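The values are calculated or read from the model by the stated rules, or taken from the named source; none is laboratory data. Keep in mind it's a predicted model, so treat the numbers as computed, not measured. All Cβ positions, even for glycine, are placed from backbone atoms using ideal geometry, and neighbour counts span all protein chains on display.
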Amino acid sequence: MNIMTRMTKPEDVGLDGARLALIPEYFSSYVDRGKIAGFQTLVARHGEIAHFEVRGNRDRERGLPMERDTIFRIYSMTKPITSLALMMLYEEGHFQLNHPVSRYIPSFANLRVWAGGTVEKYETVECEREMTIRDLLTHTSGLTYGFMQEHPVDALYRKAGIEGANTVKLTLKETVEAIAGLPLLFSPGQYWNYSVSTDVCGYLVEVLSGRPLDEFLAARIFAPLGMVDTGFFVPKEKLGRFATNYFRNPVTKKSGIMDMGDETSSYAQPPRFLSGGGGLTSTMTDYYRFCQMLLNGGELDGVRICSPKTIEFMTMNHLPGGKTMKQMSRSAFSELAAEGAGFGLGFQVTLDPAEAQHIGSPGNFSWGGAASTYFWIDPEEDLIAIFMTQLYPSSTYPFRPQYQQLVYGAITE
């Protein structure tokens, strides 16, 4: 476990301690009703942690308690990390955002768009323009996810063994090459669609840096930030801290085990596929350090990861014409609601809290993971909030808006 920033009294950073205490009490009701095994909540303001609570179990069946150093599957909370890694290479002049992806991945030069038919026999047409790196970072690339199960192209992904973070038979390079041989849902830039785009970004990190993605992240982000428990698998000596992942059975309405937090887990061994879109495991304190670095403008404890202008640029709305995700969405799924929000280079960005119907500030940036983990950063309030649990899928319960209500209700100044 890394060395955590010291705790402070909530009142010293403009928060009400009694109201923050309502947070674990509220989510404990989910534990008491058997809906989740356990959870962690963290709130930091002005660079100090004012609230860090742990309740329930990391493994309900074995009676193992949730602890501060419990390791979680963060799934798509990997995406902001990979996006930042790519933008660190942007800072160094390795590419421009408007560069065609094919400039660095030649097999992307002849991408085509689905034009009808079936999985067995389909037609395609030429793209209106080439896919750019910005399209990948903003999920306007035309790529998709196999788990969507809404479009024949999704089925083509599953048939090719492209299952996002659950891809097991292909390497990152093999996955990207397989993607290049499948049709796009739409011509790049036309719509927003949640997808394997960030996995392709991860491969670009490898191409541009000349290093495997796991090595780049470890050397350039995790080690400098002291994120000692973050990686693409859980080493044997740390498996005792790994949480079990649960799922909600749609028939019985009860939770069952999806993946044990032990040596039987697919995370207990180095993966064949390094998923920049969803493959990392981490702890609350590790991810807090990543978030605090972002809120600080790219620096933490005297270590600079990137420029504050890069963070500022990444957390602007980059959707064409200033549109919202809702206006551009073709996606059957998104980790967060599309109303009142744009999308930057790896983050959702709040544009209008009233339209979003969630209390917060314009300029909040955030994302979540498939096992119901979630974070947001509010630069206006100098605030970070993170929620950790292990329940798949993330759409099962409204943890995220509930958490926002409780956190913002504790602000006093």
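Somewhere in the range 275-285, is a residue in the same structural domain as GLY63 (by TED's automatic domain parsing) and over 29 Å from TYR30 (Cα atoms)? Within the range 275-285, one or more residues are in the same structural domain as GLY63 (by TED's automatic domain parsing) and over 29 Å from TYR30 (Cα atoms). Remark: pairs (first residue in the range 217-242, more than 14 Å from THR285 (Cα to Cα); second residue among the aromatic types (Phe, Trp, Tyr); Cβ separation under 6 Å; 6+ apart in sequence or on different chains) = PHE233/TYR267; VAL234/PHE242; VAL234/TYR267. Looking only at the range 95-104, filter to residues that are under 24 Å from the mean Cα position of the chain (by Cα) and closer than 15 Å to GLU206 by Cα; which one of those is surrounded by the fewest Cβ atoms within 10 Å (Cβ to Cβ)? Among them, the one singled out is PHE95. Residues of the range 292-302 include none that is aliphatic (A, V, I, L, M) and surrounded by fewer than 17 Cβ atoms within 10 Å (Cβ to Cβ). Being touching a Ser or Thr at 6+ places or on another chain (Cβ under 8 Å), acidic (Asp, Glu) and more than 30 Å from ASN98 (Cα to Cα) is a description that does not apply to GLU335. Filtered by the rule that a residue be at pLDDT below 95, closer than 18 Å to GLY38 by Cβ and in a loop (DSSP other than H, G, I, E, B), the range 250-267 gives a lone residue, LYS254.
When the range 324-351 is filtered for residues that are touching a strand residue (DSSP E or B) at 6+ places or on another chain (Cβ under 8 Å) and of a type in the set (Asp, Glu), only GLU335 remains. Can you spot a residue in the range 76-87 that is over 30 Å from GLN390 (Cβ atoms) and either in contact with a helix residue (DSSP H, G or I) (Cβ under 8 Å, 6 or more places away or on another chain) or among the aliphatic types (A, V, I, L, M) (or both)? For the range 76-87, residues over 30 Å from GLN390 (Cβ atoms) and either in contact with a helix residue (DSSP H, G or I) (Cβ under 8 Å, 6 or more places away or on another chain) or among the aliphatic types (A, V, I, L, M) (or both): absent. Checked against (1) outside the structural domain of LYS326 (by TED's automatic domain parsing); (2) closer than 27 Å to SER282 by Cβ; (3) crowded, with 21+ Cβ neighbours inside 10 Å, ASN166 passes all but condition (3). The residue of the range 169-184 that is surrounded by the most Cβ atoms within 10 Å (Cβ to Cβ), among those that are of a type in the set (A, V, I, L, M) and within 22 Å of the chain's Cα centre (by Cα), is ILE179.
Take the residues in the range 15-35 that are touching a residue at least 60 places away in the same chain (Cβ under 8 Å) and outside any helix (DSSP H, G or I); name whichever of them is surrounded by the fewest Cβ atoms within 10 Å (Cβ to Cβ). Residue satisfying both the conditions and the ranking: GLY34.
Contact annotation: residue pairs with Cβ atoms under 6 Å, 6 or more positions apart or on different chains, pairing a residue in the range 134-163 that is assigned by TED's automatic domain parsing to the domain that holds VAL119 and of a type in the set (D, E, K, R) with a partner that is modelled with pLDDT under 95 and part of a helix (DSSP H, G or I), are ASP154/GLY146; ASP154/MET148; ARG158/GLY146; GLU163/GLY146.
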